[in-house]
Amino acid sequence: MKVEIEKQAAKKLASDINSMLAVHGGPLKFMEVCGTHTMAIHSSGIKSLLTKKLELVSGPGCPVCVTEKLFIDQAMFLGREHSACLVTFGDLMRVPGSNGSPADLRSQGGSVKVVYSPMDAIEIALQIAPQPAIFLGVGFETTIPTVAATLKTALARNVKNLFVLPAFKTIHQPLKILASQKDLNGFLLPGHVSAIIGADSYDYLPRDYQKPGVIAGFDGLDILLALRTLVEMSVRGEAGIENKYRTVVRPEGNVVARGLIDEVFDPSDASWRGLGVIPGSGLSLKAPYDVFDALKRFPVEVPEAPDDPRCRCARILTGELNPNQCGLFGKECVPETPVGPCMVSSEGTCAAYYKYGGNSIDS
Amino acid sequence: MSGRLIRDLILPRLDRGKLGALPDSVVLSDLGDKIAFTTDSFVVSPIFFPGGNIGSLSVHGTCNDLTCSGARPIFLSVGLILEEGFPIEELSDILDSMSEAADLCGVEIVTGDTKVTPKGAADRIFINTAGIGRVETAIELSPSRIVPGDAVIVSGPVGNHGMAVMLSRAEFSFDFDVKSDSASVWPIVERLLSLEDGLRFLRDPTRGGLSATLNEIANLTNLTVSVDETAIPVAPEVAAAAEILGINPLEAANEGKIVAVIDRDCVNKALDLLRDCPQAAGASFIGTITPERKPRVIIKTRIGGSRILAEPSGELLPRIC
């Protein structure tokens, strides 16, 4: 019964979107910023329900995809040369640097531990002391507060052998760059990140760029609902921020979590794979937490690590190209042997296209 | 060393008449005119997981491969490769499970071999089993008998084994009640064989899960297979664990399930036949073989959309069986 209701609701939402676009003429191009949305759009088959006049492109919201190869090289250097135990979320395991991935390091006898919470890194550090445990710090506003809380605990418990290799990123600065792209008509805004930063924090999108944004949940229906709102706003020429994930996202966000971030980190410049250095888009550890910075504690010497020049991830991450417009996609670049980061991460655009058939279902 | 192992530990548990004589080879008779023969090696890590261990798995795995040819498993061989220092208590537990699994499957272990390797040369314990089964159908269960319009059924909820092994790895600290489905599928297949011509093809969806098996069927027939996401049974605890680990339960291995392609007109009869079979609780009609000459699997999603169900890429886990 529930299944039937869901199907009917989806049908109604899709038909509303399609008829609005038939009248309006389109085309409209929206970007989903979050990697989890990318996967949900593909796995629920949303594109198969919608008119071709609505184009959905993926943005730089998959943390693994925007992490530079240099970061993996640094992590591998720390594991190999300083005999550190690398502590990481699972999605970094298979990401190749210039000389292999953390999974390779483990199979060569190196120490790599997968955790689901950064807090686990403390226990690991205590067990292996004095060997250093280095948490691979990748992620957006959703994961950063838990890392901040971990470091506060580590400081209080005087854990001396826990470190972080920081490559954290924040979403607003790149969003501003993307918003200035003329052919993007609106944004499907992330659910979990917005729960931390709050719906109100996107006020610059309508004010400075005249673009609408809708915060969405992760269910197929949630996304269709948000897309219908985006189409409505675009058709009427309105720009605003709508929150369609009210059960989780508040206008002001999670003030406590943001307080934790501010207590442990300072804004800094960050280098994004595909986008280059974006001022103010990263975070660095501030005193007294800078003692946990692995790069300050250990000398790390790795050469520049240029990406394969044929890889189009940079333009895919900004929604300019679709994966099937890259010559490597599905040929040299497949999930088992990824060339670019968008294929490596389970939330990467290329991986989603490869796994779920992208737009190719009727071809 | 291995002589004592065999005498004190292995024979008391596994001998049902033929093994104890320890000849160089066993002589078997009365096998019928058509037999199935297969072998498989088991290197699963960890060796103990909720719902089974490497011992029961090594019996079920080989029996199930025989079963997919329509053969009733009757004889097994067992090769044990042990790393020096492997605890006797753990070996006893594994042998107990093998003995219990073999009795339940109605299969006799008739010959075997045990080797102990120096420390580091093997990872604790590896098991090879080979099996002989008596083919109990005149029909050749082959993909060439699949025609457009045929139905695909699965014998129960999918993804339990892969998820149970994954969750029992030390690197995860979750507490989910997910058990491996490791079991013999012969009781299921024995019932389905009574469909006679209506039964086209059988597979046990082990490595790569349901997704790999459906893609295999599409590739073997060169036809598009269409399945309904809402008809595919997944236990709630498996779905929950899969969600957290970011794993597709359709790609997780099964060790006690059957995917059967059958005549569309036999669907009700097949589900009726399986109704009183505890091994097939939750059996479901999940999709059809379409006339479209494109080897791929299309899944109709919950919200009525469609997408490709791709062949699983890479490995969920290096050693699940």
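Values quoted throughout were computed directly from the atomic coordinates according to the rules given, and no laboratory measurement underlies them. Computed from a predicted structure; not experimentally measured. Neighbour counts run over all protein chains shown; Cβ positions are idealised from the backbone, glycine included.
Between the C-alpha center of segment B:78-112 and that of segment B:128-162 there is a gap of 26 Å. Here's the list of aspartates and glutamates a cross-link from A:LYS2 could span, going by alpha-carbon distance under 17 Å and ignoring same-chain residues fewer than 8 apart: A:ASP219, A:ASP222, B:ASP228, B:GLU229. Over the C-alpha atoms of segment A:241-356, the Rg to Rh ratio, Rh being the Kirkwood estimate, stands at 1.07. The stretch between A:GLN108 and A:GLU336, if pulled fully straight at 0.36 nm per residue, gains 80.2 nm over its current Cα-Cα span. Taking every residue in A:37-47 and counting other chain Cβ atoms within 10 Å of its Cβ, the average works out to 4.
In straight-distance terms, cross-link reach from A:LYS152 covers every one of the aspartates and glutamates whose alpha-carbon lies under 20 Å from its own, apart from those fewer than eight places away in the same chain; here that gives A:ASP120, A:GLU123, A:GLU141, A:ASP262, A:GLU263, A:ASP266, A:ASP290, A:ASP293.
Each 20 Å bin, from zero up to the one with the longest distance, holds this percent of the alpha carbon pairs of chain A: 29, 56, 15, 0.
Restricting the calculation to Cα atoms, segment B:2-135 shows an Rg/Rh of 0.96 when the hydrodynamic-style radius is the Kirkwood one. Taking the longest Cα principal axis of chain A as reference, the axis of helix A:2-24 is set at about 70 degrees. Here the mean projected area of the convex hull built on the C-alpha positions of segment A:96-194 is 8.7 nm². Place a point 7 Å from the Cα of A:VAL248 along the Cα-to-Cβ direction; which residues of segment A:122-152 have their backbone N under 13 Å from it? Counting backbone N atoms under 13 Å from the label point, the list is A:142-143. Given segment A:252-294 reduced to its alpha-carbon atoms as identical point scatterers, what log10 I(q)/I(0) does the Debye formula return at q = 0.16, 0.17, 0.18, 0.25 Å⁻¹? Once normalised to I(0) and log-transformed, intensities are -0.52, -0.58, -0.63, -0.89. Binning the alpha carbon pair distances of the protein assembly as shown at 10 angstrom intervals from zero yields the distribution 3, 14, 22, 23, 19, 13, 6, 1, 0, expressed in whole percent. Per the Debye formula with a single identical scatterer at each Cα and no solvent contribution, what log10 I(q)/I(0) holds for segment A:182-269 at q = 0.13, 0.17, 0.22, 0.26 Å⁻¹? Listed by q, the Debye log ratios stand at -0.45, -0.72, -1.03, -1.23. Normalising the Debye intensity of chain B to I(0), with uniform scatterers on Cα atoms only, and taking log10 at q = 0.14, 0.16 Å⁻¹ returns -1.08, -1.33. Working note: 222 nm ellipticity from helices only, DSSP H runs with n ≥ 4, each -39,500 (n - 2.57), summed and divided by the residues of the protein assembly as shown, gives -9500 deg cm²/dmol to the nearest 500.
Annotation for segment B:275-316 versus segment A:37-54: alpha-carbon center distance of 19 Å.
Could you state, as a whole-number percent, how many of the C-alpha pairs of segment B:143-308 are farther apart than 21 Å? Considering segment B:143-308, 45 percent of its Cα-Cα pairs are separated by more than 21 Å. Farthest toward the positive end of the dipole of chain A, out of A:MET20, A:MET39, A:MET93, is the Cα of A:MET20, where the dipole comes from beta carbon charges about the Cα centre. Here A:ALA305 and A:ARG236 are evaluated by their C-beta separation; at R0 = 35 Å the FRET efficiency comes out at 0.15.
For the cross-link pairs B:LYS179/B:LYS257; A:LYS11/A:LYS52; A:LYS29/A:LYS331; B:LYS34/B:LYS257, the ones whose C-alpha atoms lie over 22 Å apart are A:LYS29/A:LYS331; B:LYS34/B:LYS257. Taken residue by residue and averaged, Cβ atoms of other chains lying within 10 Å of the Cβ of B:293-303 number 5. Among A:HIS37, A:HIS172, A:HIS192, the largest mean-square fluctuation in a Gaussian network model of chain A, built with springs joining Cα atoms closer than 10 Å, belongs to A:HIS172. Basic side chains Lys and Arg get +1 at the Cβ, acidic Asp and Glu get -1 at the Cβ, and with that the dipole of the protein assembly as shown about its Cα centre reaches some 1440 debye.
Placing +1 on the Cβ of every Lys and Arg and -1 on the Cβ of every Asp and Glu, with no other charges, gives segment B:143-308 a dipole of roughly 520 debye about its Cα centre.
Rounded to the nearest 20 debye, the dipole size of segment B:1-72 about its Cα centre is 200 debye, using +1 on the Cβ of Lys and Arg and -1 on the Cβ of Asp and Glu.
Gap in Å between the Cα centre of segment A:195-271 and the Cα centre of segment A:295-325? Measuring centre to centre over Cα atoms gives 27 Å. Looking at segment A:1-51, what % of the alpha carbon pairs are farther apart than 13 Å? Result for the distance tail: 66 percent.
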